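Just below is one structure, and these are the notes that go with it.
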Amino acid sequence: MTMQQVRQDRILYEAREREDPLPLMRLFGVSDGTATRYIAAARPGTDMRENVPLTARVHSQTRSDGGTFW
């Protein structure tokens, strides 16, 4: 597992614990769009994409271990 994958997994873990993207932005230095996507990925039943600017929307890619990249 690379350091980038470890970081992504940690951000996703924190996103599961929180509903607000602001702590993710402060803790990990990610943009509001990235934090919002992590929150949405951590909560599959909610669709937060309407709050993300069109230029920031990306499709997740599945890793070989079943995780996702953003």
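I'm trying to understand the selection: among the residues of the range 1-23, which are of a type in the set (A, V, I, L, M) and within 19 Å of G45 (Cβ to Cβ)?
If we filter the range 1-23 for residues that are of a type in the set (A, V, I, L, M), which is where we start, we get 1, 3, 6, 11-12, 15, 22.
Passing the criteria: L12, A15.
Cβ-Cβ distance below 7 Å, separation of 6 or more or different chains: which pairs start in the range 2-29 with a residue that is of a type in the set (K, R) and end on one that is surrounded by 10 or more Cβ atoms within 10 Å (Cβ to Cβ) and in a helix (DSSP H, G or I)?
Listed by first residue and then by second, the contacts come to R16/A42; R18/L24.
How many residues are surrounded by 13 or more Cβ atoms within 10 Å (Cβ to Cβ), assigned to a loop (DSSP other than H, G, I, E, B) and either among the polar types (S, T, N, Q) or at pLDDT below 90 (or both) if we restrict to the range 1-50?
4
The values are calculated or read from the model by the stated rules, or taken from the named source; none is laboratory data. All figures in this text were calculated on a predicted structure; none of them were measured in a lab. FYI the Cβ positions are ideal-geometry reconstructions off the backbone, even for glycines, and counts take in every protein chain you see.
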